[in-house]
Amino acid sequence: MPKLTVENVGTFDVPAGKRLVQALTQDAGTDQLHACGGVSRCTTCRVEFIEGEPEKMTEAEKETLRVREVTEPGVRLSCQIACDHDMSVRLISRLEGSGRKDQGGAVADEIQPAPQWTTK
Ligand code: FES
């Protein structure tokens, strides 16, 4: 089982292949935002990688990061990442302090849209 470390929260065993956004909310119990419901539209699911940033990236994530001009190093969309190795992340987009009424729409178990894999 991959280990997910969330800065200032803890380290959690996560089922291999689980969506990172789901691991953050379900396994780590954080208030990570996911406004669009995990379909690579909103960027509120973004996290900053401390270690273990994946090399691979979905085409949808690549396009959304480009269009939304998200250029900070290590910042990725947790809805577009599968937990297939150990990762350490920093929460940078939480419900707390956001002014939003909830974390966002329901997130499917599988990465959406159906992933077309590329690299960063
Ligand atoms: S881009 Fe909206 S939840 Fe990931």
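The values are calculated or read from the model by the stated rules, or taken from the named source; none is laboratory data. All of these numbers come straight from a predicted model, not from anything done at the bench. Note that we place each Cβ from the backbone using ideal geometry, even for glycine, and neighbour counts take in every protein chain shown. The area values use the complete protein model at the heavy-atom level, side chains included, leaving out ligands, DNA and RNA. Shrake-Rupley method; radii C 1.70, N 1.55, O 1.52, S 1.80 Å.
Worth pointing out:
- Scanning the range 1-42 for residues that are open to solvent by 20 Å² or more (accessible area, probe 1.4 Å) and outside any loop (DSSP other than H, G, I, E, B) returns LYS3, THR5, GLY10, THR11, PHE12, ASP13, LYS18, THR25, GLN26, ASP27.
- ILE50 being of a type outside the set (S, T, N, Q), in contact (Cβ under 8 Å) with a residue 40 or more places away in the chain and open to solvent by less than 70 Å² (accessible area, probe 1.4 Å): no
- When the residues of the range 83-120 are filtered to those that are within 11 Å of the chain's Cα centre (by Cα) and either open to solvent by 70 Å² or more (accessible area, probe 1.4 Å) or of a type in the set (Val, Ile, Thr) (or both), the one that is farthest from LEU20 (Cα to Cα) is ILE92.
- Qualifying residue in the range 75-82 (condition: more than 15 Å from GLN112 (Cα to Cα) and open to solvent by 10 Å² or more (accessible area, probe 1.4 Å)): yes
- Subset of the range 68-85 (residues that are within 11 Å of the ligand (Cβ to nearest atom) and either part of a helix (DSSP H, G or I) or of a type in the set (Gly, Ala, Ser) (or both)): SER78, CYS79, GLN80
- Counting only residues that are open to solvent by 80 Å² or more (accessible area, probe 1.4 Å), away from the ligand (no atom under 13 Å from the Cβ) and either modelled with pLDDT under 95 or not in a strand (DSSP E or B) (or both), the range 53-65 holds 2 of them.
- Condition met for ARG68 (closer than 20 Å to TRP117 by Cα, open to solvent by 30 Å² or more (accessible area, probe 1.4 Å) and within 11 Å of the chain's Cα centre (by Cα)): no
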